[in-house]
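Participant: Would you mind keeping the following structure in view while I ask a few things?
The values are calculated or read from the model by the stated rules, or taken from the named source; none is laboratory data. Note that the structure is a prediction, hence the values are computed from the model and not measured. Methodologically, a virtual Cβ is constructed for each residue, glycine included, from the backbone with ideal geometry; neighbour enumeration extends over all protein chains shown.
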Amino acid sequence: MRGASMIEQLKKALTTGVGLALKTWTEVEAAGKELIKKAQLSEKDAGQFLKNLKENYEKTQKKMESQVDRLVKDVLKKADIATSDDVKSLKREIQSLRAELKATKAPKPRSAASTRTKSAAKGKTKAKPAS
């Protein structure tokens with residue numbers, strides 16, 4: 001039982017913290033296989049150990065990625081640097097404003113009645129004074 005206890009402690013040490021997140025899966029897997037040899041685990045136990053190790057590794061990687069993402073966003077915000085999302089949002093706003101401006105500048109279609117009234121007004125000439 002002593003070997004199993006040691007393996008549990010080593011497994012916890014390998015699968016937690018920043019150390020695991022900074023290692024490649026190949027490095028972690030190699031260390032895991034070395035532990036399997038030292039503890040003389042059965043094939044079944046070794047397979048389960050590696051499976052658990054892989055799951056913990058992936059969880060740690062995702063957690064680290066999320067933390068780095070958050071940290072980068074915080075730094076960009078504090079440094080007052082625009083992100084690509086900020087730029088995209090501004091582009092959408094500009095396009096919307098251009099469309100609104102274009103709509104207000106577009107000539108309004110004249111109705112048939114107003115066209116006839118204006119035409120009739122143009123056709124009238126001032127009466128010439130009698131000489």
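Participant: Does GLY17 fit the bill of being modelled with pLDDT under 80 and of a type outside the set (Val, Ile, Thr)?
Facilitator: yes
Participant: Residue pairs, Cβ under 9 Å, 6 or more apart or interchain, first in region 65-76 and hydrophobic (A, V, I, L, M, F, W, C), second not in a helix (DSSP H, G or I). List them.
Facilitator: Short answer, once both residue conditions are applied: VAL75/ILE81; LEU76/ALA82; LEU76/THR83.
Participant: I'd like the full set of residues that are of a type in the set (Gly, Ala, Ser) and exposed (fewer than 11 other Cβ atoms within 10 Å of the Cβ), limited to region 47-81.
Facilitator: Taking region 47-81 and keeping what is of a type in the set (Gly, Ala, Ser), we get 47, 66, 79.
Scanning region 47-81 gives SER66, ALA79.
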